[in-house]
Each structure stands twice: as structure tokens, then as C-alpha cells.
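The values are calculated or read from the model by the stated rules, or taken from the named source; none is laboratory data. Here the structure is a predicted model, which is why all the values come from computation and not from measurement. Cβ: placed from backbone, ideal geometry, glycine included. Neighbour counts: every protein chain shown. Calculation scope for accessible area: heavy atoms of the full protein, side chains included, ligands and nucleic acids excluded. Shrake-Rupley method; radii C 1.70, N 1.55, O 1.52, S 1.80 Å.
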Amino acid sequence: MVMIFTLVTAVQEKLNEIVDQIKTRREEEKKQKEKEAEEAEKQLFHGTPVTIENFLSWKAKFDAELLEIKKKRMKEEEQAGKNKLSGRQLFETDHNLDTSDIQFLEDAGNNVEVDESLFQEMDDLELEDDEDDPDYSPADRESDLTD
């Protein structure tokens, strides 16, 4: 009985060692995979170092591309509307535009008549005077004007 106990204990210890080795190997493999993934992620963000020469060559290429784009855009605009003038330029060159709105309204028959008698009697209007204000002080007004 003692001998069987000794054998079972030895086998159990050996199995525990094997299980511990398997666990440590799995943990090491997991750490290694994490480390590799982290290094791969760092490689994504690592580019060529910027030097003055690299930057100047890139800037020259970039400026050339922008110039090409601007030229294409200018050609398209010229083809779309040759000699297209702005509103101000049209107004300055064609003096008939000064009265064109009035002529348009007259031709359409939309004459607007204004009753000027409504604006002649200004005394009937109730306009607020500063003198009616209880807080009004002429001395304050003079000091405001001198400041």
C-alpha cells in the first residue's frame, strides 16, 4: 500500500510539473504574440524620417501638383464662361443698367404711386422727445457731448 502511494504521488507530481510547463509555454506564446502585434502596430506608424532635403523635394512635387490643378481649373472656367464679367464690372461698363430696373417696372405696368401727402404732416406723428422722459437731464446731455 505504501509503495502504491509513493508511485501515485510521484506520478501526480510529474503530471503537475507537465501541466505547469504547458501553462508557462502558453503564457510565453501569448506574450510573444502580443509583443509581435505591438511591434507590427509600431511599424504602421513608423515612416521615413523627415529631413530638410526630403521635405523640400516633397514640397516641390506638391507645389507642382497644385499648380497643375489650378491650371486645369482656370482652363475649365475659361471654357465654361469666356469673358464672364462680375456684376460690378457689368454695371461699370453698361450705363443702361442704371435705369434698367425702372424701365422693367414701367414696361410691365407695375407703376407704384406714392401718396406724398402722408409724409407732409409730420406734426401729427407722436414722436418721443427727450423732454418727456422723466430721467432726462439736460446737464447730463451736455456732459455726454463734451466727453
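Quick notes on this structure:
- Checking each residue in the range 42-79 for being of a type in the set (Gly, Ala, Ser) and more than 26 Å from the chain's Cα centre (by Cα) picks out Gly47, Ser57, Ala60.
- Qualifying residue in the range 114-126 (condition: among the hydrophobic types (A, V, I, L, M, F, W, C), out of contact with any helix residue (DSSP H, G or I) (no Cβ under 6 Å at 6 or more places or on another chain), surrounded by 10 or more Cβ atoms within 10 Å (Cβ to Cβ) and at pLDDT 70 or above): no
- Residue check, Thr6 free of Cβ contacts under 8 Å to residues at least 12 places away in the same chain and in contact with a helix residue (DSSP H, G or I) (Cβ under 8 Å, 6 or more places away or on another chain): no
- Of the residues making up the range 69-113, just one is outside any helix (DSSP H, G or I), β-branched (Val, Ile, Thr) and modelled with pLDDT of 70 or more, namely Thr99.
- Flag if Ala60 is modelled with pLDDT of 95 or more, of a type in the set (Gly, Ala, Ser) and assigned to a helix (DSSP H, G or I): yes
Matching residues to (1) touching a helix residue (DSSP H, G or I) at 6+ places or on another chain (Cβ under 8 Å); (2) open to solvent by 100 Å² or more (accessible area, probe 1.4 Å); (3) of a type in the set (S, T, N, Q):
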site	(1), (2), (3)
Ala10	no, no, no
Glu13	no, yes, no
Thr24	no, no, yes
Lys35	no, yes, no
Glu39	no, no, no
Lys42	no, yes, no
Gly47	no, no, no
Thr51	no, no, yes
Lys72	no, yes, no
